[in-house]
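**Q** Below: one structure in structure tokens.
Read-outs: derived from the displayed coordinates by stated rules, not from any lab. Model, not experiment: these values are computed from the prediction. Counting neighbours? That spans all protein chains shown, and the Cβs are built from the backbone with ideal geometry, glycine included.
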């Protein structure tokens, strides 16, 4: 339950004598690396929330959304590593999954750009460039919308109320991005396994 769709196929291919590098992963990727990646995916997909004593349910939900996105982004980072990809080269991958619609939905939830304006004030230049494109409704590498949240939250700057944000909108933004990331990871992993099963 909540595992990568083609995780069993991965193990089947290993039993057939395939190695991770023989399945298209980077040459230094081990079976253990794939297993850890799959476990992190399952943890991110299975995440249901957190319990915070003394916080309102709305704020708790906001933090839960931020934590889930952090789990999803770490899973995506592992995906990039085993595939030998760099974040700056992921625009085409995201666009293939209709990232433009995701950006439209984020803009609709982030009223007045209050949430991403706060993130913009804390991130590095690579992130700033892409967030400014979001504000201008220009094509962008939307992976930076995910990593920007993760980095600022992990370093302790970001809360569900940042810059006057409404936690319910933060939850929506984080959950949309989380679903998007997990969908890319699962479908791309399945594509890779299926292409090798045909040859097996």
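**Q** With N residues in the chain, what two-decimal value do you get for its Cα radius of gyration over 2.2 N^0.38 Å? Let's see the in-between values first.
**A** Values: Rg = 17.8 Å, N = 200, 2.2 N^0.38 = 16.5 Å.
Dividing the Cα Rg of the chain by 2.2 N^0.38 Å gives 1.08.
**Q** Right, something else. Dividing the Cα convex hull volume of segment 115-159 by residue count, how many Å³ per residue is that?
**A** Taking only Cα atoms, segment 115-159 has a hull volume of 58 Å³ per residue.
**Q** Same structure again: How would 45, 133 line up from fewest to most surrounding beta-carbon atoms within 10 angstrom?
**A** By the 10 Å Cβ count, ascending: 133, 45.
**Q** Return the inverse of the average 1/r over all pairs of distinct C-alpha atoms in segment 80-158, which is the Kirkwood hydrodynamic radius, in Å to one decimal.
**A** Hydrodynamic radius (Kirkwood, Cα pairs) of segment 80-158 is 13.0 Å.
**Q** Can you give the angle from 0 to 90° between the axis of helix 57-83 and the longest principal axis of the chain, with both taken from C-alpha atoms, to the nearest 10?
**A** Tilt of helix 57-83: around 40 degrees.
**Q** Output the relative contact order of the chain, whole-number percent, from Cα pairs under 8 angstrom with separation of 6+ residues.
**A** That works out to 32 percent.
**Q** Let me ask you something else. D for segment 1-90, whole µm²/s, Stokes-Einstein with Kirkwood Rh over alpha-carbon pairs at 10 °C and 1.306 mPa s: what number? Intermediate results must be reported in sequence, preceding the final value.
**A** Details: Rh = 14.8 Å.
This corresponds to a translational diffusion coefficient of 107 µm²/s.
**Q** Quick check: the angle from helix 99-109's long axis to the longest principal axis of the chain, C-alpha only, nearest 10 degrees?
**A** 30 degrees
**Q** Treat the count of other C-beta atoms within 10 Å as a stand-in for reagent exposure and order 127, 11 from fewest to most.
**A** With the fewest neighbours first, 127, 11 line up as 11, 127.
**Q** Still on this structure: Determine the calculated [θ] at 222 nm for the chain from helices alone, applying -39500 (n - 2.57) to every DSSP H run no shorter than 4 residues and normalising by the residue count; nearest 500 deg cm²/dmol.
**A** Numbers: 9 runs with 131 residues, N = 200.
My calculation for the chain gives -21500 deg cm²/dmol from helical runs alone.
**Q** I would also like to ask the following. Given Cα pairs under 8 Å that are at least 6 residues apart, what percent is the relative contact order of segment 66-154?
**A** The normalised contact order for segment 66-154 reaches 42 percent.
**Q** In what order do 170, 114 fall by count of nearby beta-carbon atoms within 10 Å, going from fewest to most? Display every interim value, and only then the final one.
**A** Values: 170 28, 114 15.
With the sparsest Cβ surroundings first, the list reads 114, 170.
**Q** Continuing with this model, one more query. Measure nothing but the geometry: give the 0 to 90° angle between the long axis through the Cα atoms of 125-135 and the longest principal axis through the Cα atoms of the chain, rounded to 10°.
**A** 70 degrees
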